[in-house]
Each structure stands twice: as C-alpha cells, then as structure tokens.
Amino acid sequence: MHERVLAVPLIRTGGHPSAERRALQRQVHRGELVAIRPGVLARPEHLEGLRPEHHHLLLLRATAPTIHPPVEISHRSAAAVHGLPFIGRPPDRVDVTDPRRGRGETTALLRVHAPASSSSSRWDGFPPTLPGEFAGAQVTSLVGTIIDVASTVDLIDAVPMIDAALYDRRVLPTMLHDALAARPTRGSDKAAVAVRMGSAASGSPAESVCRVRFRQLGVSDPVQQHVFARPGERTAIVDFWFPEHGVVVEVDGRAKYEDDAMLDGRSTADAHWQEKQREDFVRSFPEVRTVVRVTWADLMDPDRLRMKLHRAGVPCR
C-alpha cells in the first residue's frame, strides 16, 4: 500500500563521521538534499509527486527506528498508515501512544498520547482490532485508530476517515460502537457523534464533508445514493436527495473531469457532456425541482453552502 514511500532512499547520517555529516548538511543548505527529520535526509528528485500524506509517512519511516514497544504509532499518524483520507494537512509531528504515560506530551518531533482505558470486546482478535506494523514500528489497530482520531479531532476530519473504512468494508459499524462503549473516557462523547454519523454510502471524502456541513447547518438528513430510474432507460445515482424539498445535491469534484482513472479513457469534454446528459435525465423526473452542485470551495465555506441550499429551498439554520 505504501510502496512509493518505502522505495524512497533515505540517508541516515548517524553513522557517518562528523566531517561527512557537515558535508551532507551543506548539501541541505544548497537544496541538493532535503531533511525529512534531523539526521535523516533524501534527494529532492525522489520526493517529486508525493502527496502530503506521503510526506507524513516518510516522516514516520524516518522516525520508526526510535519507536520501540510498548510505544505504538497512533492517532492521525496511524490513520496515514491505514490509508484513511485527510481533509486538512497531516500532522507535522508523529503521533504515538505510550501506555506507561499518565498524560500526554508534545516534543519537537513527537506528540505522545496517554492511553485510553478500555475493556475487552467481542471483536477482539479480528483483523481490524489487531495492531499493525510500519517500517518496523507497531501501529494501533484500524478500529483503535478510528476511535482515537474521532476522540481528538473535529467532525470534518473524523467522519471522512470513518466513512472510508465503512465504505471499503474494512470495519463494521458494530465494531466501532463496541470499541467506543469499551472506552468510556475523555473524548468519548465527541467520538460517539462521529461514529453515529459514519456511513458506508459516502463514496468520497467530499461527500463525507458535505454530510458534516449539513449537520452543522441544521439540514435534515438526506437520502444518500438515491437511484433515479425508468424501465428501459438509463439509471442515475445521485449523492444526496431531499425528497421533501424536491432537491438533489451533487458534490462536484474536479477529479471527475481530470483524474485518468475516473475518466476511464474519455476526454474531459466527453465527461462534461455525459454529466450534462445525466443531470438532464435526473431533472426530467417530476419530483425533482432542482439540482444543486456543490464544489470543494462551497464545502470549505459553510456560509456559501448555506446560500446555495437556501436558494434551492432547503431549510438551514
């Protein structure tokens, strides 16, 4: 899953003589090398094309030799290892949990968390509840990671991770609910809201963010992935359907028209034309009053989204 990150050659300067370390540091100053963390360097050309979460994984890989049991990579750092989606930038420090700690601590390179007390669960021993490994360091289980994240970050960051794990069938909702019940500690109320919002019907992080915005704006829960179909004609599945208002909401990302995998051999012009035909088909149903297209910019500006929904006749707070 992380082949690209694991393939980046790292230069660890700890075993080099002092003269060589100084020479390497001069290369950093000239831009010929990049410092991943103190004592770990890489060549810039090997980092080209890496996404922010890849850079965090590279930081994890550089730090892993300093992480020893019983300490585990956890929280958002573990989320990166498990391939869960980030809405904002990944953390600039490595998140770890140390069961010997009574309280957390933040250093220049680490964010150390104290463990949350927990009891056993009927799912113990199933793959999503087992710890993982990355670059030789132990990583909290997928279920434990999700609960840790949901207990400590905002809904807009937690819900897309929960939805992604449910959508990919990597966890079951009952696993998350049981894990939460087994950890009645600080942050559990916050996590409970995120876990209750979890939906396997969200097909993208943008849809998950949209659902969080709906909640923040006091919008009633829509039907997700509603199917519009007529016998002998095409079928269209929409992101959100508000039947009481006759409003369809579609989350319109640029990837739909630019990502090669999503284009599947079509040109951008073809993709736009097919999307227009699809929307015309949806609008042809008498129960559909209007279609609202929501962009990422709308999702990042709740007032802008509120205005679009209000104009369409969807009540907001």
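Derivation of every value follows stated rules applied to the coordinates shown; laboratory data play no part. A quick note: this is a predicted structure, and the numbers were derived from the prediction, not measured. Cβ: placed from backbone, ideal geometry, glycine included. Neighbour counts: every protein chain shown.
Taking only the Cα atoms of region 1-49, the radius of gyration and Dmax are 11.4, 38 Å.
GNM remark for the chain: springs join alpha carbons under 10 Å apart, and the peak mean-square fluctuation among Ala64, Ala19, Ala114 falls on Ala19.
Counted by neighbouring Cβ atoms within 10 Å, the residues Asp124, Asp280 run from fewest to most as Asp280, Asp124.
Using the Karplus relation 6.51 cos²θ - 1.76 cosθ + 1.60 with θ = phi - 60°, the per-residue 3J(HN,Hα) values for region 12-22 come to 9, 8, x, x, 8, x, 4, 5, 5, 4, 5 Hz, with x marking Gly and Pro. Neighbours of Thr129 by Cβ distance under 11 Å: Lys/Arg scored +1, Asp/Glu scored -1, total -1. Comparing Glu287, Glu72, Glu20 in a Gaussian network model of the chain, where Cα atoms under 10 Å apart are tied by springs, the biggest mean-square fluctuation is seen for Glu20.
Each residue of region 54-71 was assigned a 3J(HN,Hα) from its phi angle through the Karplus expression (A = 6.51, B = -1.76, C = 1.60, θ = phi - 60°), giving 5, 5, 5, 4, 5, 4, 4, 4, 5, 8, 3, x, 8, 9, 10, x, x, 6 Hz with x at Gly and Pro.
Only counting other Cβ atoms within 10 Å, I'd like Trp241, Trp123, Trp296 sorted with the fewest neighbours first. Show your work: numbers first, answer last.
Working: Trp241 22, Trp123 19, Trp296 16.
With the fewest neighbours first, Trp241, Trp123, Trp296 line up as Trp296, Trp123, Trp241.
For Val292, the residues whose modelled amide H falls within less than 5 Å of its own, excluding neighbours fewer than 5 places apart on the same chain, are Val248, Val249, Glu250. Per-residue Karplus couplings for region 105-122, computed as 6.51 cos²θ - 1.76 cosθ + 1.60 with θ equal to phi - 60°, are listed in order as 7, 10, 10, 4, 10, 10, 10, 8, 9, 7, x, 8, 5, 8, 10, 6, 9, 5 Hz, Gly and Pro entered as x.
Please figure out what share of the DSSP beta bridges in the chain is antiparallel and state it in percent, rounded to the nearest 5.
On the way: 21 of 31 bridges.
Looking only at bridges with both residues in the chain, the antiparallel portion is about 70 percent.
Size of region 51-200 from its Cα atoms: along the principal axes, largest to smallest, the extents are 35, 34, 26 Å.
Note on region 151-222: percent of Cα-Cα distances in each 10 Å bin, starting at 0 and stopping at the bin with the largest distance, equals 21, 53, 25, 1.
Rounded to the nearest 10 degrees, the angle from helix 205-216 to the longest Cα principal axis of the chain is 70 degrees. Distances between every pair of Cα atoms in region 186-243, grouped in 5 Å steps from 0 to the bin holding the largest one, split as 4, 16, 22, 22, 15, 9, 6, 3, 2, 1, 0 percent. With K and R counted +1 and D and E -1, the other residues having a Cβ less than 9 Å from that of Ala236 yield a net charge of +1. Taking the chain as a Gaussian network of alpha-carbon nodes connected by springs under 10 Å, the highest mean-square fluctuation of the residues Val223, Val209, Val251 belongs to Val223.
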